[in-house]
Amino acid sequence: MTAYGECVLSPERQLTDAEKKLIWKKPWTHKVSEEERRITNEVKRNWNRGEMKIANILLEGDAGSGKTQLAKALSANFGLPYTKVTCFADMDKSDIIGAILPVISTERLDEMEPWEQTALQALYESDGFQSATEVLTDALGIPQEQAALKMKQLLRLAAEKTDGEAVEYRFYPSEIVRAYQNGYLLEIQEPNVIRDAAVLMALNSALELDGSINLPTGVIHRHPDFIAVITTNRSYAGTRPLNEALRDRVQHAEKMDLPTKEVMIERVMAKTGFHDEKVLDTLAEIIMILDKTARANAIKGVAGMRSFFYWVDAIAGGVLAKESLYHKVIYKITTDPEEILILEEALLNHGLLASLEEARIERKKKRKSDDAIEIRTWGDIDESGFDTDSHAAEKGIALKKSADSDKSSSRVTDDSAHIERTGLGDDGSPTYHQTNPESMSEVEKQKERDFRKKLNQDARAVVSDSIHKKVKLIVHRPDYNQEDQQEYVRLSKELMPTVKEIARKTLPYLEHEVSSDFARNRCYGSKFQAESVAYRDYRYFAKKRPPTESPSLVVGIRVDESASMSAFGRLEAAKRAVIAVYEFCQLCDIPVLIYGDTADVSKLEQMSIFAYTDFDKRDAHDRYRLMRIRARSNNRDGMALRIMAERLAVSPQQTKLLISISDGQPKAMDEYTGSYAVADMKQTIEEYERKGVIFLAAAIGQDKDVISDIYGKERFLDIANLHEFPAKLVRIIARHL
């Protein structure tokens, strides 16, 4: 079943020599997986069953799970030439069907850049067997995606160089068309990154079993031997859920996860030639635990078979297992210090770091008795053991030094300095590291003072025409210390998995926000402009502009810091909520404003605003400032809402969301209470809703009826369970995207 020829789908078909070279040849290290057996059997069984034929296959899984390897193996099994296309975000129809290129005269060709001459000459000399992208890939020695971009540049250049002359055109098919027409096995990598819906529609149409593609040279129909293998990564940066219509055209799908431990070990033995089963068992277990932990904590990276192969290969070459663990596996998953601590803690809890050390010690004791003896230099060497008159010496013993030993073979190395992570304490628990041990420079301090001064000026200007104009206001920019950092670590540790999971599901939609604008007067595109033909400059097309990079949402969180917040765990609930919102906004690149406020601290400071985070001055240490939220004095809600709403109203984002976290009704000195204060808040909400600000109130105290009346039921969130508050708040923000 696995050898070439045993499952050939069309034995009578005669391939050219060039096509035979495209059939993948299985290396001796290849191990047949259950997925390969299952797909091969299903395709073969249904090949001649008409509408029940299986010719579109989906392989979905994490990076490094063997999707491309499986697609190539199917090429070998079925005796079909293998080719692939890697999709990218800005693909247009020319990348699906190909391009029409003017043929430039020799004289004008000589005026162009060397790479342009090389590329065009290669295209003109091609016989049409290769796609235009493949021709450029070979001619310029660049990846497929870069070749596609170069092709678009050539289209523009070719149009510019004709200068109104009579032009001869030539069509250059895409790799997809070549495979589609000639009956190859085509791997379509990551179609879920494509932004343009028109491109997906063209791809959907082509994948019908009786489909066809309209080309400038005519209509081509799907070759009966054509097989499409779609490979997509789960939860990968830049991706979104696979188009439903595309998924519906698939007749067989496989969920590609890590194989069983036994299969992992079998494959890595064949690939690397490393055969210490005890060590491999531990390494495979570590890969599986890291993969599981990364998934559970929404860490984007992947611990897959590729990492396993290269890690084992490094160990086989003499590198310490613990040392190479970081460079071959963990840093490929993440380089975020907090996420690394999560992964390390998982390994520690499963006793795998200790098992790794035990395997190293046991392997150290094993000495090879071949022609070359490998000496590892841990600890002092007893030179008496090497007798130059021994029988072994007479035979000629070659002593070679291990790659991971110290320069001197008679000095003890400090293993703990190189092997143990500084992120773990003696008991294996995570240790705390000061984020910014150095004090701020004078320049930075001055910038901070200038920013604080601007915040005060702007806030006072906002309330200058309101009932709060005589209130003595100070805007503070809280500092932070080591205790704040430690509190943040304690509170965020529980929240981050949920926040990251919500962000993981949200990011794909942010990265593919739809644009309805078209860039006109292009040499290529998805929309023909008939009115442009009169200009005879070949710029007859319009192309949809790519979506903006930043989300069209800005978020403001106002925290009531009145004295009553100290009761019933409300203060910690508020801190946990703002941590969750802040980290979610950082992950999704959403501008966020988090202010706290209190009133009547003194006669000279009747209103206090605490600017914890501000989108005009982003600082990675703002997360620690959030721990300065306190239960202080009274609350003048209307004034705080007005200041924050104004900041959001003038921001360029389309959606402006302001959420107030409060446990009670407004109350401050000079009779700011009761119906007077309520009327001020309602007037502020009504005024700024006309300016596009959306208000929500999260009530976490006893005055929920009053808060509901002020904001209105449609803007009111009754937070009964403080423990669920952070996740609920983040999901609300995600819905506004």
Can you tell me which condition Ser464 does not meet? The list is (1) exposed (fewer than 14 other Cβ atoms within 10 Å of the Cβ); (2) modelled with pLDDT under 85; (3) outside any helix (DSSP H, G or I), and all the others hold. (2)
Could you please find all residues in segment 90-120 being surrounded by 14 or more Cβ atoms within 10 Å (Cβ to Cβ), assigned to a helix (DSSP H, G or I), modelled with pLDDT of 70 or more and not charged (D, E, K, R)? Ser94, Ile96, Ile97, Trp115, Gln117, Thr118, Ala119, Leu120
In segment 622-638, the residues that are under 19 Å from Val706 (Cβ atoms) and either charged (D, E, K, R) or not assigned by TED's automatic domain parsing to the domain that holds Ser562 (or both): Arg636, Asp637
Has segment 581-595 got any residue that is charged (D, E, K, R), at pLDDT 75 or above and surrounded by fewer than 15 Cβ atoms within 10 Å (Cβ to Cβ)? yes
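With under 19 Å from Val229 (Cβ atoms), within 38 Å of the chain's Cα centre (by Cα) and assigned by TED's automatic domain parsing to the domain that holds Leu186 as the only criterion, which of Lys21, Lys44 stands out? If you could, list the steps in order and put the result at the bottom.
Values: Lys21 fails: under 19 Å from Val229 (Cβ atoms).
Unique residue meeting the criteria: Lys44.
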Please verify whether Glu420 is under 33 Å from the mean Cα position of the chain (by Cα), at pLDDT 80 or above and either surrounded by 15 or more Cβ atoms within 10 Å (Cβ to Cβ) or farther than 30 Å from Asp637 by Cα (or both), treating the condition exactly as stated. no
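Kindly indicate the residue of segment 153-196 that is of a type in the set (Ser, Thr, Tyr) and in a strand (DSSP E or B) and also modelled with the lowest pLDDT among those meeting that condition.
Step one: of segment 153-196, the residues of a type in the set (Ser, Thr, Tyr) are 162, 169, 172, 174, 180, 184.
Within this subset, residues satisfying the condition of being in a strand (DSSP E or B) are 169, 172.
Values: Tyr169: 67, Tyr172: 73.
This residue is Tyr169.
Tell me the strands (runs of 3 or more DSSP E) entirely within segment 646-726 that contain at least 1 residues that are at pLDDT 85 or above.
Where strands (runs of 3 or more DSSP E) fall fully within segment 646-726 and carry at least 1 residues being at pLDDT 85 or above, they are 655-662, 693-699.
Being over 18 Å from Met496 (Cβ atoms) and in a helix (DSSP H, G or I) narrows it down to one of Arg295, Arg306, so name that one.
Criteria check complete, one pass: Arg306.
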Starting from residues that are crowded, with 24+ Cβ neighbours inside 10 Å and small (Gly, Ala, Ser), keep the ones in segment 596-610 and report whichever is nearest to Ala640 (Cα to Cα). Gly596
So Glu444 ticks every box in (1) part of a helix (DSSP H, G or I); (2) out of contact with any Lys or Arg (no Cβ under 8 Å at 6 or more places or on another chain); (3) modelled with pLDDT of 85 or more but one. Which box is left unticked? (3)
Which condition number does Leu356 fail, the rest of (1) within 20 Å of Lys278 (Cβ to Cβ); (2) surrounded by 18 or more Cβ atoms within 10 Å (Cβ to Cβ); (3) at pLDDT 80 or above being met? (3)
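The values are calculated or read from the model by the stated rules, or taken from the named source; none is laboratory data. All of these numbers come straight from a predicted model, not from anything done at the bench. Note that each Cβ is placed from the backbone with ideal geometry, even for glycine, and that neighbours are counted across all protein chains shown.
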